[in-house]
Amino acid sequence: MSTPAISIQNLTKVYPIPFKREKVTAVQDLSLTVEAGQVYGLLGPNGSGKSTTMKIVLGLVTPTSGRTEIFGRDSNTVESREDVGFLPENPYFYKYLTGAETLDFYGKLCGLSRAKIRDRSKELLKLVGLENAADRRLGGYSKGMLQRIGLAQAMIQEPRLLVLDEPTAGVDPAGSREIRDLILDFKQRGITVLLCSHLLEQVQEICDRVGILDHGVLIREGVLGDLISIENQTEIILENAPPELLAQIREMIGKSSGRLVAEHRPQKTLERYFLDVTGPKQS
Amino acid sequence: MTAAAPIATKHKIFSPARVTAIASNTLLELVRLKVFYFLLLFALLIIGSSFFTSKFTFQEQFQVLKDVSLGAMSIFTWLLGVLATAMLLPKDIEDRTLYTILAKPVPRFEYLLGKFLGVLLLLFVAISLMTGVFLVILYARQQDALANAARLVPAQALQEQLADIRAATFNKNLLPGIVIIYLKSALCAALTLLLSTFASSSIFTIIMSVIVYLIGHIQAIAREAYLASQTTTALTKAFLAIVALLIPDLNSLTLVDDIVVGNAISTVLFVKTASLGLTYIGIYFLVGYFVFSAKEL
Ligand SMILES: Nc1ncnc2c1ncn2[C@@H]1O[C@H](COP(=O)(O)OP(=O)(O)O)[C@@H](O)[C@H]1O
Ligand SMILES: [Mg+2]
């Protein structure tokens with residue numbers, strides 16, 4: 001088996017509270033593995049330790065005990081950050097830089113050549129739909145645009161792993177869907193994604209595997225489909241079915257040992273409806 | 001674009017290119033904050049000071065001009081160094097921009113060095129511009145004085161008078177004096193950077209930095225007074241020694257007074273003063289780095 005994208009072993013983080021005796025245990029004996037190519041959703045209520053876990057994986061916070069690795073390289077080393085892009089929760093980038101200058105800056109930090117930065121920057125601005133805003137300062141960007149430039153920044157050196165802390169927080173439904181589509185796009189290109197989000201519906205749409213944290217403890221973990229499927233039920237959705245067919249089906253069910261639990265018209269999600277009525281997405 | 005091998009070149013332990021990127025970004029930030037408007041104030045101040053000295057002899061006039069200009073340079077660069085440095089780290093931490101930078105393969109040492117070099121660049125640009133304004137005005141005033149002398153002074157005394165005017169305006173002490181002003185502001189910036197690595201806000205950092213600045217100026221006087229008195233205990237002496245070690249005597253870190261009265265500045269004095277400044281800059285920066293590298297972000 002190939003090296004996992006992220007490996008977390010027996011991770012514990014205890015924060016001291018300044019001027020107090022007590023301590024906060026943000027993460028407790030957490031072990032989990034994110035295989036390369038997966039989209040992994042880390043879920044949990046506020047304060048359950050999601051951001052802390054991500055920061056430890058990125059070497060921004062030192063663990064109290066345990067170890068974490070990115071593609072087999074210890075998070076304590078600066079090199080481990082070569083292959084990962086990070087978008088923190090509610091980030092603000094330098095307001096006085098334009099979109100293009102921002103990507104240029106982060107590209108230089110990754111040691112990319114000038115030509116490489118130019119190519120990558122163009123490609124990414126197009127991908128995240130900010131070509132027209134490339135020469136505008138970030139001070140004038142909307143929240144959704146900031147998150148998208150944040151994604152582009154995270155992807156500048158073509159890392160194989162993306163770590164996203166609430167990428168859709170504070171973004172309107174259309175913007176949030178754009179970000180979701182971008183994540184799916186990265187997934188298609190084989191990039192591993194670790195993300196945490198409160199939008200469970202979106203998590204359900206894009207994640208292969210999820211872990212649920214509560215008070216720093218991983219209480220559930222597994223393949224998304226397995227966790228939420230109802231074992232003994234089957235759903236059939238028909239289109240343009242004539243009433244006679246429906247009658248026949250009901251009759252057949254009545255003769256079998258199965259039981260019809262519910263029959264109704266599927267509804268589109270409120271999100272879908274909202275997006276349909278608010279017209280085509282722009283910018 | 002595929003998710004194959006990473007395209008970054010092999011990681012370097014120390015990369016001047018990364019430091020340069022951070023330093024020039026820091027300078028750009030400060031420039032786009034329009035901090036250079038203070039230069040207008042500087043120009044107004046030294047031009048204004050000329051109007052009040054027209055009754056003085058030309059020696060006195062040039063003395064006042066130099067005193068005001070060099071004094072203003074010291075204060076402006078100090079203020080700029082302290083204020084600009086104090087906001088750098090807290091702002092990056094608060095806005096989580098620091099996370100995005102350190103999540104790239106950037107060692108904390110390079111980040112801090114880049115920020116500090118950015119401030120040093122800013123101070124360099126600022127003091128160069130102020131020096132430019134100062135020299136232009138000094139030159140204009142000198143030409144004015146020379147022209148007046150040519151009209152008013154009798155022929156037999158004229159050559160001597162012209163030489164006196166030249167001697168009272170430009171002399172070779174000006175440059176070393178300005179270099180020391182620069183070093184002093186850099187030292188105060190390094191101190192502020194150190195304070196900001198463990199302070200929680202910009203305001204706290206600025207206040208602490210100002211207090212240390214004042215201690216740096218009065219400690220020598222205080223020490224003399226204490227040591228002269230018979231009752232000073234060993235404990236007090238030890239305390240004064242520690243303060244003296246932590247904070248340099250900032251009064252001795254200037255050559256402005258000598259320059260204004262026209263004293264010659266020996267190379268030895270200059271080198272001694274400059275090394276004192278450089279040593280403290282190095283120490284403050286390194287201590288700041290050790291605090292920052294252990295900091296929980
Ligand atoms: N720097 C810190 N100092 C002290 N406590 C912290 C710090 N960062 C996070 N915590 C605490 O750790 C716990 C987990 O926080 P966090 O990882 O941000 O949770 P989440 O991202 O799941 O909302 C919370 O109780 C929070 O108060
Ligand atoms: Mg969080």
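For chain A, state the semi-axes of the equivalent ellipsoid (square roots of 5 times the eigenvalues of the alpha-carbon gyration tensor), sorted largest first and rounded to whole angstrom.
Numbers: eigenvalues 288, 152, 61 Å².
Over the Cα atoms of chain A, the semi-axes work out to 38, 28, 18 Å.
Using DSSP to call loops (not H, G, I, E or B), can you name the GluC sites (Glu not before Pro) in the range A:1-78 whose Cβ has at most 14 other Cβ atoms within 10 angstrom?
On the way: sites: A:Glu22, A:Glu35, A:Glu69; in loops: A:Glu22, A:Glu35.
Answer by residue number: A:Glu22.
Relative to the longest principal Cα axis of chain B, at what angle does helix B:267-293 sit, 0 to 90 degrees, rounded to 10? Long axis of B:267-293 versus the principal axis of chain B: about 20 degrees.
Modelled spin-label separation between A:Ser257 and B:Lys237, with each label point placed 7 Å from Cα along the Cα-to-Cβ direction: 10.1 nm.
Quick one, what does Rg over Rh come out to for the range B:127-268 if you take C-alpha atoms and the Kirkwood Rh?
With Rh from the inverse mean 1/r over Cα pairs, Rg/Rh is 1.16.
Each Cα pair under 8 Å and six or more residues apart adds its separation to the average, and for the range A:190-245 the resulting relative contact order is 20 percent.
Quote the FRET efficiency, to the nearest 0.05, computed for B:Leu152 versus B:Leu269 with a Förster distance R0 of 45 Å and r equal to the Cβ-Cβ distance. The computed FRET efficiency comes out at 0.75.
Loop-located GluC sites (Glu not before Pro) in the range A:179-283 (DSSP state other than H, G, I, E, B) with a sparse environment of at most 16 neighbouring Cβ atoms within 10 Å: A:Glu231, A:Glu235, A:Glu239, A:Glu263. For the range B:47-97, the Cα-based Rg and Dmax, in that order, read 18.6, 58 Å.
Computed over the range B:16-294, relative contact order equals 27 percent, with contacts defined as Cα pairs under 8 Å that lie 6+ residues apart.
The range A:137-220: Rg/Rh from Cα coordinates, Kirkwood Rh?
0.98
Using Cα positions and a limit of under 26 Å, work out the lysines in reach of A:Lys116, with same-chain residues fewer than 8 apart set aside. Of all the lysines, those that pass the test against A:Lys116 - Cα under 26 Å, at least 8 places apart if same chain - are A:Lys95, A:Lys108, A:Lys126, A:Lys187, B:Lys10, B:Lys12, B:Lys104, B:Lys115.
Can you tell me the equivalent ellipsoid semi-axes for the range B:223-273? Use √(5λ) from the Cα gyration tensor, largest first, whole Å. Numbers along the way, then the final one.
Numbers: eigenvalues 182, 34, 14 Å².
Taking √(5λ) for each eigenvalue gives 30, 13, 8 Å, largest first.
All C-alpha pair distances within the protein assembly as shown, sorted into 20 Å bins from zero, spread as 17, 38, 26, 13, 4, 1, 0 percent across the bins.
Helix B:16-32 versus the longest principal axis of chain B: what is the Cα-based angle in degrees, 0 to 90, to the nearest 10? Relative to chain B, helix B:16-32 is tipped by roughly 60 degrees. For chain B, find the longest principal axis of its Cα atoms and tell me its angle to the long axis of helix B:108-152, 0 to 90°, nearest 10. Helix B:108-152 sits at roughly 10 degrees to that axis.
Relative to one another, the C-alpha centroids of the range B:57-112 and the range A:120-140 are positioned 32 Å apart. Normalised Debye scattering of the range B:16-294 at q = 0.08 Å⁻¹ gives log10 I(q)/I(0) of -0.42, counting only Cα atoms as equal scatterers and leaving out solvent.
Antiparallel as a % of all DSSP beta bridges within the protein assembly as shown, to the nearest 5? Close to 55 percent. Each principal axis of the range A:63-215 carries a Cα extent, and these read 42, 36, 29 Å when sorted largest first. Put the Cα centre of the range B:216-250 next to the Cα centre of the range A:1-44 and the gap is 51 Å.
Of B:Phe56, B:Phe198, B:Phe134, which has the largest mean-square fluctuation in a 10 Å C-alpha GNM of chain B? Sorting by GNM fluctuation, first place goes to B:Phe56. If you take the Cα centroid of the range A:206-283 and the Cα centroid of the range A:145-168, the two points sit 31 Å apart.
Hey, could you get me the Stokes-Einstein D for the range B:4-101, Kirkwood radius over alpha-carbon pairs, 4 °C and 1.567 mPa s, rounded to whole µm² s⁻¹? Please list the in-between numbers first.
Details: Rh = 17.4 Å.
D, rounded to a whole number, is 74 µm²/s.
Every read-out reported here was derived from the displayed coordinates using simple, explicitly stated rules and does not represent laboratory data. These numbers come from a predicted model, not from an experiment. Every residue, glycine as well, gets a Cβ built from its backbone with ideal geometry; the counts of neighbours run over all protein chains shown.
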